[in-house]
Amino acid sequence: MLPNRMNLSKTTEEQLKLLKQRTGISPNVSSRIAFFRSVESGFTYSAEPAKKLDGSLVLDKVTWLGDTQLVTELILKQIYPELDDKETMAAWAAHIEDGIASLRNHKSLLDFSSSL
């Protein structure tokens with residue numbers, strides 16, 4: 001399914017780091033939230049044009065996905081049954097990029113982080 005080592009685009013990585021500065025929520029946790037927000041919004045990954053996954057934050061699958069690993073992989077497999085492991089990682093990264101935009105300006109996330 002997803003490869004054991006995964007990364008995102010530099011742009012998405014920078015957005016996750018900025019979100020961490022504003023909220024204190026680590027990039028792996030905010031990426032999980034972004035993924036599910038994107039899926040919920042109905043976003044669909046398209047391989048064209050191919051987005052380069054050139055970020056330097058390369059983490060293992062367990063760190064990126066945590067307790068959501070099984071459900072994340074099952075959702076990706078259900079939505080994109082024809083993709084191989086590398087393409088599935090690209091779809092996962094695209095969903096995070098799509099979902100992070102809504103998190104950057106979402107007041108409830110900022111309220112949540114201030115209660116931690």
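The values are calculated or read from the model by the stated rules, or taken from the named source; none is laboratory data. Quick caveat: nothing in here was measured; it's all calculated off a predicted structure. Backbone-built Cβ (ideal geometry, glycine too); neighbour counts: all protein chains shown. Accessible surface areas use protein heavy atoms only, side chains included; no ligands, DNA or RNA. Shrake-Rupley method; radii C 1.70, N 1.55, O 1.52, S 1.80 Å.
Tabulated data
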item	result
Residue in segment 35-48 that is within 12 Å of the chain's Cα centre (by Cα), surrounded by 20 or more Cβ atoms within 10 Å (Cβ to Cβ), assigned to a helix (DSSP H, G or I) and free of Cβ contacts under 8 Å to residues at least 60 places away in the same chain present	no
Segment 81-101 - residue that is aliphatic (A, V, I, L, M) and part of a helix (DSSP H, G or I) and, of those, farthest from residue 53 (Cα to Cα)	101
Residue check, residue 19 of a type in the set (A, V, I, L, M) and either in a helix (DSSP H, G or I) or over 22 Å from residue 85 (Cα atoms) (or both)	yes
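Yes or no, residue by residue, for (1) closer than 24 Å to residue 104 by Cβ; (2) open to solvent by 40 Å² or more (accessible area, probe 1.4 Å); (3) in contact (Cβ under 8 Å) with a residue 60 or more places away in the chain; (4) of a type outside the set (Gly, Ala, Ser):
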{"site": "25", "(1), (2), (3), (4)": "yes, no, yes, yes"}
{"site": "54", "(1), (2), (3), (4)": "yes, yes, no, yes"}
{"site": "74", "(1), (2), (3), (4)": "no, yes, no, yes"}
{"site": "77", "(1), (2), (3), (4)": "no, yes, yes, yes"}
{"site": "83", "(1), (2), (3), (4)": "no, no, no, yes"}
